[in-house]
Each structure stands twice: as C-alpha cells, then as structure tokens.
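**Student:** Have a look at this one before I ask anything.
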Amino acid sequence: MLDAQENPTRSYLDRRVAEFRSQVQRRIDGALTEDEFRPFRLMNGLYLQLHAYMLRVAIPYGTLNADQLDVLAEVSERWDRGYGHFTTRQNIQYNWPKLPDVPDMLARLADVNLHAIQTSGNTIRNVTSDPLAGAHADELMDPRPVAELIRIWSTDHPEFQFLGRKFKIAVTGSPSDRAVTKAHDLGVRIVTRNGETGYQILVGGGLGRTPVVGKVIREFLPKADLLPYLEAVLSVYNLAGRRDNKYKARIKITVNEMGLEAFSARVDEAFTRIRPAFSGADQTLLEELQSAFAPPVLPPRDTGGFDAARRADPGFASWSDVNLRDHFADGYAIAMISLKPHGGVPGDASAGQMRAVAQLARDFGHDEIRVTQEQNLVLPHVAKADLPALYARLKAQGLATANVGLASDIIACPGMDYCALATARSIPVAQQIAETLADHEIEVGEMAIKISGCINACGHHHIGDIGILGLDRAGVENYQITLGGDAGTDMRIGEKTGRGFSYDEVAGAVERLIHAYLDLRDEGERFRETLARTGAEPFKAALYEEDTAHAA
Amino acid sequence: MAKRFQPGIVSANDLLSGAVIYLAKDGTWVSSMAKAEFITDEARAAARLTLAEGQPEIAVGPYLAPADDTDAGPVPNHFRESFRAQGPSAPARKSWGQAHA
Ligand code: SF4
C-alpha cells in the first residue's frame, strides 16, 4: 500500500513468514486439512508439483543485486538441490523444497527483501519489466520506478486479493517492447507526446488457452493518472469479470465479451470516481523511486583492450557479437549471460553459477543483475574494457554460450518433468532441438523457438517464430507446431501448421523448418519476414514432406 | 455417466517432501509403484481411497491411477504416471544436487 516507505517492509515480511510458519505447523500437526491449507501455501508461492513442492520467488521487474543473487544460491543449496530455475515471468523456482523447510527459506529470502507473495493465486502478480531497463541505448525512460510504484500499490491491496483470476502487469520504457506488454492483462508503455511523458495503456492481452493480443485502451494517459486509472481498470474487471468459469475469468474475456469501447467507458466512469482519492502522494513517491533507480556513475573507459581481445580470440569475438546489446553509455555494453548451454535445461542455474554471476556483478557490473523473460541473466552495465575478463570467468562457469537470441536460446517451460498441469514434456524437446541446431545457428541468425508443455503457454509458444505445444493425444505425447509468432512491439500470435509430431519426430521437424528457411530467405531476412513473403506453404511442405512422399 | 472403472493403484504425494507415494496392500505408503497394491475391483478401490483420504498427515491428493499388472508388480500405462514414477526425464546437470538426491 502506498503509505509504506520501503515495501514490502521487513516487519511485513516477518509477519507473513511467521503466519505461514504457523500454518505449515498446523498442517503437519493435522489441525488443517489440505483443502484448508492449499490457499495459504499458494498465497506464499508454494505449489505441489509432480514429484515435489515448488517454491516460486518473485524477482520484481527482473532486477537483483549481488547479495540477493547470493541468497538465491544459498537457499538452493541449504534447502533444495543446489540449483534454481528462472522462468518467463522473471521469477525463480525451486523444484525440491520440503514443506517443513519452506518457512526457513522464506525467512532467509526476507533478509534481502525477496519473497514469494503474490506469485500465485488470483491477485496482481509480480510486475514484470524490460530486463534491459535503465541500460539500453534505445530506451525513452527507465520503466522500473513505474513498475515499483505499481508493485507497491498492488502488494496487499485489500480490494484486489480475490480477483476473478490472476492479473499480470508489465511495463516498458522502450519502443522495442522487451517486456511483452501485449501479452499481459495490462501493459504500460512509457511514451511522450509534445514533450510530455505519459503512458500508453494496453488491456486484455494474454497467451494460454485463448491467446489475445492486448488492445490499446488509452493512447496517452497523463503521468499522474496512472494509479487511479489502473485502479479503475481493476475495479471494473473485479465487478464485471466472470467468476462462473475459470477459463473465461481473465480480463481478456471480459474485454472481448463487453467490447473494448464499452469496457473503456466503464473504466472512465470508475476513473472519475476514483481519481480525487489520489492526492499526489503517489507522484512524490514516484519521484523518490526515480532517484533510487538513477543509473550508476559510468566513468569513461578505453575500449582498446576489447578490440584487441576480439581480434585475438575468436571465441570471445563470437560471444561478443552474439551476447552483447547496445548500452546508452559509450564504452559500455549490456552483457547477456546465456542459461541455455547446448543440451542443458533452459533457465536452470546452479548455486555455483549464481554465486559466480553475483561476484561478476560486484567486480564489473555495478552490483546489478537482471533476469530476462527468455530465461537468461544480464549484467546491464559492463565497461567494454572489462569484457575479456568477464568472458573468461563466465567460460570457467559454463556460462559463456554465445547463443542469446539464436535458435538454441529456447524458451521452455518445466513441462511434464516437473509441472503437475503438463500434458507433455518440454525440457528434453528443447535439449534435442538445441543440440540439433547448435552447429548452424550462427548462420541461421536471430530465431525464437518457444515450447510449452500444455495449453497454459508458460513457454510463450504462441509468440515464437517457431512455437511448440506439447499435448496428450490419446495417451501419447504429441507436439503441435505454430509459425510466425512475434513477441515484439507488434506482437503476433503464430499460426498452427497441421498435424502434430511425436516426441521422436519433433526435433527433426524443426530442423526441416530451419533448412527451409535457409533455402527460402533473401539476404538479411528474418524468419518472420521470409514467412510473410512466401506464406506458410513452403514451410508446411518441408514439415510434412514425408507425408507427401508417402502419398506419391 | 460414471467413468468406467479401470484397474490401477492408489497414489498421492507425501505431505512433507511432496514425493510420489503409493498405497501398499498392508496400508503403508511406499515409494515404488511395483510395491503398490494392484486394485481390480471398484468396491476395493473405493475402500482404499477412503483409507488414503483418512491419512491427510501423510498423503496429499490421493487418487486412483490406472495401471497394468505384471509379474514384477504394477506398472504405469500412461506416460504421466511413468514420469511420476521415474522422476524428471531430464535431470539437471549431473554434478548438481547429488547431496540431497
Ligand atoms: S505451460 Fe503448462 S506445463 Fe508448462 S509450466 Fe505452464 S502449466 Fe506447466
């Protein structure tokens, strides 16, 4: 809530941990049934999965400091199996916690102001943002103060703890939307009009069973109106959203059934009512947050060593070609750290790797680490002069795979290796594809392959160049392929190709698609551009070539 | 219309660890499906489920999972139960996590 100085405060977190500790104890003693206990554990991010509990910890807008990452590592070693899994929503998941240990895990996380609150349940979830916020050259404004403002406002908000369904918000401050705002229940894009900063508001986006591209509900919302406007959207949704059917309860269905115009009119009505309650304290807080998120001081550094190292070491040259992004400051770069070693589990990092990255952030990265929606890590502010040393240390940790944005940088949800809702496996499919494509991925260039283990679409398959959805077809895993999705500013939902592929066929099918792309593309053309030019037919022909061969 | 009864076993997750457990003939919970009681008739299945549901301090979410019977004991007849029985098919890198595994 808005009156909190530091939110959530330590005393608030302590209270929540103590509360949960007693709930766990009462469950173990038999005083609470599972039905009574389940909502409590979900309120604390604790799920029961296929083989074990899973604890989901929020990494608000994907920003961590080195001490926090160290604690994430420590928690994985003391109470889990020595690794963590970074998710597409800027969370970390522990796959093997024991129920009696979870309160201790949460208490340790609270030491560094991390928690699992609102990572589950029908509330406003962890607010996500651009993982390159405050660093990328193309950014208009750092979105994190706004994300933090929204987080403070939404945490423990009394009206919005029991929504019809979960509610996800993302914020971006860049014209190249790296926060996938159009796939969120509510998206905030920082924009300017006539020199004034404000927000474009998107509503009703989402993936899952019914993928919908978010719609613009406000082209330009003045800065001071943000929270009252969000409150208006939430209150209309809270009243009008369906509660009779879980699958129709997300705001995207409310907006579609009511129509954007009618929905927007009701929001405007609510806004008029709510607006006067916001007296400007939120704007004062936003200003404070803006100074708290001010970029680090980046002294000018010579880049001669960087250029020399590129000439001397082809491995470094290739890594720096692929894994660096443009920083706003001369002589600096954003270093993407791949958690997708060829054949590894996408998004997993061992405790040792987390500690190593934390130390690298201290030594070279102004104490900042980011977690991306693509399940990688980032050091957002590294002097180019330090990159050769950084690379050598990443390499020693198995973290120097030069594939960020390439074909083997696959998003994969946990799927049936862990997830109780899964209808098929995702991880081993990603491993097979990565290994198949590793050798020619540089030639292929930018490519987004995304895999979900069920219709819930945590692996964002709808918005991959190549999307893969694992289903259970009559007791057998079957993988449906979609083409032409796009997670960028103009988000696009991919289209289904045709019959699905078996577990053993799917990596080969993707390889045929990639070869078709290499054959068909004009110079410099991205996959989606080739697809737009040629249409899906030649790709389908490549996918189903055996079918036609058999028919002939 | 009620679903046709399928022979199988009673499975659940262990309250403390979350691990997969199966109900054995003697009413104890075991971690190996092969040692689970293979249930062939509906009345017995209902009775065993009732027994399992009466032990919330051990078993979370007991249910009847279809299985096949073999000389070596019951085996899964659907891939979901196979993965539950085997653990993740794609273990994290081998050097990790041996300590608690
Ligand atoms: S997409 Fe399905 S299988 Fe994958 S993590 Fe989400 S719910 Fe689980």
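**Student:** Nearest 5 percent is fine: what portion of the DSSP beta bridges confined to chain A is antiparallel? Don't skip to the end; give the middle numbers.
**Tutor:** Numbers: 52 of 65 bridges.
Expressed as a percentage, antiparallel bridges in chain A total about 80.
**Student:** Cβ under 13 Å from residue A:477's Cβ, residue A:477 left aside: what net charge do those residues give with Lys, Arg +1 and Asp, Glu -1?
**Tutor:** Values: positive: A:425, A:473, B:80; negative: A:417, A:472, A:504, A:505.
Around residue A:477, the surrounding residues sum to -1.
**Student:** OK, next. I need the shape label for the range A:139-184. Rule: rounded when a/c is under 1.5, else prolate if a/b > b/c, else oblate, with a, b, c from the alpha carbon gyration tensor. Provide the component values of the computation, followed by the final result.
**Tutor:** Values: a/c = 5.49, a/b = 1.71, b/c = 3.20.
Note, shape of the range A:139-184 comes out oblate.
**Student:** Let me ask another. For the range A:140-224, which chymotrypsin sites (Phe, Trp or Tyr not before Pro) are both in a DSSP coil and crowded by at most 13 other Cβ atoms within 10 Å? Show your work: numbers first, answer last.
**Tutor:** Values: sites: A:153, A:160, A:162, A:167, A:199, A:220; in loops: A:162.
Filter output for the range A:140-224: A:162.
**Student:** To make sure I understand the rule: partners must be lysines, Cα under 22 Å from the Cα of residue B:25, and not fewer than 8 residues away in the same chain. Which ones qualify?
**Tutor:** By straight Cα distance, residue B:25 reaches B:35.
**Student:** Here is a further query. What is the sum of charges, Lys and Arg at +1 and Asp and Glu at -1, for the other residues whose Cβ falls under 14 Å from the Cβ of residue A:182? Show your work: numbers first, answer last.
**Tutor:** Numbers: positive: A:168, A:178, A:189, A:215, A:252, A:492; negative: A:130, A:177, A:185, A:486, A:490.
Here the charged neighbours net out to +1.
**Student:** Next question. For the range A:356-386 and the range B:11-46, compute the distance between their C-alpha centroids and round to whole Å.
**Tutor:** First find each Cα centre; the distance between them is then 47 Å.
**Student:** Further, regarding this structure: What is the Cα coordinate range of the range A:304-396 on the first, second and third principal axes, sorted by size from largest, in whole angstrom?
**Tutor:** Sorted from largest, the Cα extents of the range A:304-396 read 35, 27, 22 Å.
**Student:** Calculate the FRET efficiency for residue A:256 and residue A:363 from the Cβ-Cβ distance with a Förster distance of 60 Å, rounded to the nearest 0.05. Before the final figure, lay out the partial values.
**Tutor:** Details: r = 50 Å, r/R0 = 0.84.
It comes out at approximately 0.75.
**Student:** Assuming R0 = 56 Å, what is the FRET efficiency of residue A:275 and residue B:89, from their Cβ-Cβ distance, to the nearest 0.05?
**Tutor:** Numbers: r = 54 Å, r/R0 = 0.96.
Step by step, r from the Cβ atoms, then E = 0.55.
**Student:** Could you pull out every one of the lysines with an alpha carbon less than 23 Å from that of residue A:98, ignoring same-chain neighbours closer than 8 positions?
**Tutor:** Answer for residue A:98, where 23 Å is the Cα cut-off: B:94, listed by chain and number.
**Student:** Mind checking the dipole of the protein assembly as shown: about its Cα centre, +1 per Lys or Arg Cβ, -1 per Asp or Glu Cβ, Debye to the nearest 20?
**Tutor:** 1300 debye
**Student:** To continue, here is another question. Compute the Cα gyration tensor for the range A:1-115, then decide on rounded, prolate or oblate, letting a ≥ b ≥ c be the square roots of its eigenvalues: rounded whenever a/c is under 1.5, prolate when a/b is larger than b/c in the other cases, and oblate in all that remain.
**Tutor:** oblate
**Student:** What whole-number value in cubic angstrom gives the convex hull volume per residue for the C-alpha atoms of the range A:136-292?
**Tutor:** Details: hull volume 18.2 nm³, N = 157.
Cα-based convex hull of the range A:136-292, divided per residue, equals 116 Å³.
**Student:** Given the pairs A:182/A:450; A:223/A:252; A:496/A:540; A:215/A:496; A:182/A:540; A:215/A:450, which span a C-alpha to C-alpha distance of over 20 angstrom in this model? List each step's numbers first, then the result.
**Tutor:** On the way: A:182/A:450 17 Å; A:223/A:252 25 Å; A:496/A:540 10 Å; A:215/A:496 23 Å; A:182/A:540 28 Å; A:215/A:450 23 Å.
In this structure, A:223/A:252; A:215/A:496; A:182/A:540; A:215/A:450 lie more than 20 Å apart at Cα.
**Student:** Among residues other than residue B:76 whose Cβ falls under 9 Å from its Cβ, what is the net charge (Lys/Arg +1, Asp/Glu -1)? Walk me through the numbers before you get to the answer.
**Tutor:** On the way: positive: B:80, B:84; negative: B:68, B:81.
Here the charged neighbours net out to 0.
**Student:** Still on this structure, I have one more. Please go through the range A:474-503 and write out the chymotrypsin sites (Phe, Trp or Tyr not before Pro) that DSSP classes as loop and that have at most 16 other C-beta atoms within 10 Å. Display every interim value, and only then the final one.
**Tutor:** Numbers: sites: A:479, A:501, A:503; in loops: A:503.
Answer in residue order: no site qualifies.
**Student:** Now for a separate question. Hey, got the Cα dimensions of chain A along the principal axes, in Å, largest first?
**Tutor:** Ordered largest first, chain A gives principal extents of 66, 60, 59 Å.
**Student:** Sticking with this one: Please enumerate, by chain and number, the aspartates and glutamates with C-alpha under 18 Å from the C-alpha of residue A:395, excluding those fewer than 8 residues away in the same chain.
**Tutor:** Straight-line reach from residue A:395, under 18 Å: A:313, A:321, A:348, A:363, A:386, A:409.
**Student:** In addition: Just want the ordering: A:523, A:529, from fewest to most Cβ atoms lying within 10 Å of their own Cβ. Don't skip to the answer; put the middle values down first.
**Tutor:** Values: A:523 4, A:529 12.
Going from sparsest to densest Cβ surroundings: A:523, A:529.
**Student:** While we're looking at this one, here's another question. Pick out, in residue order, every one of the GluC sites (Glu not before Pro) in the range A:380-484 that is DSSP loop and has at most 10 other C-beta atoms within 10 Å; say none if there are none.
**Tutor:** none
**Student:** What FRET efficiency do you get for residue A:311 and residue A:162 if R0 is 60 Å and r is their Cβ-Cβ distance, rounded to the nearest 0.05? Walk me through the numbers on the way to the answer.
**Tutor:** On the way: r = 61 Å, r/R0 = 1.01.
In this case the efficiency is close to 0.50.
**Student:** A follow-up question, please. With no other cysteine's Cβ closer than 4.7 Å, which Cys residues of chain A count as lacking a disulfide-compatible partner?
**Tutor:** A:419, A:454, each lacking another Cys Cβ under 4.7 Å.
**Student:** Shifting gears a bit: Send over the semi-axes of the range A:240-389's equivalent ellipsoid, whole angstrom and largest first, taken as the square roots of 5 times the C-alpha gyration tensor eigenvalues. Mind showing how you got there, number by number?
**Tutor:** Details: eigenvalues 383, 111, 43 Å².
The three semi-axes for the range A:240-389 are 44, 24, 15 Å.
**Student:** Take the Cα pairs of the range A:411-551, get the Kirkwood Rh, then feed it into Stokes-Einstein at 10 °C and 1.306 mPa s and tell me D in µm²/s.
**Tutor:** Details: Rh = 15.0 Å.
For the chosen part, D equals 106 µm²/s.
**Student:** Right, here's the next one. Roughly how big is the range A:345-400's charge dipole about its Cα centre, with Cβ charges of +1 (Lys, Arg) and -1 (Asp, Glu), in debye to the nearest 20? Don't jump to the answer; show the numbers that get you there.
**Tutor:** Numbers: 6 positive and 6 negative charges, 31 e Å.
The dipole magnitude comes to about 140 debye.
Read-outs throughout are calculated quantities, based only on the coordinates presented, and are distinct from any laboratory measurement. Please read all numbers here as calculations on a predicted model, not as lab measurements. As a convention, Cβ positions derive from the backbone with ideal geometry for all residues, glycine included, and neighbour counts pool all protein chains shown.
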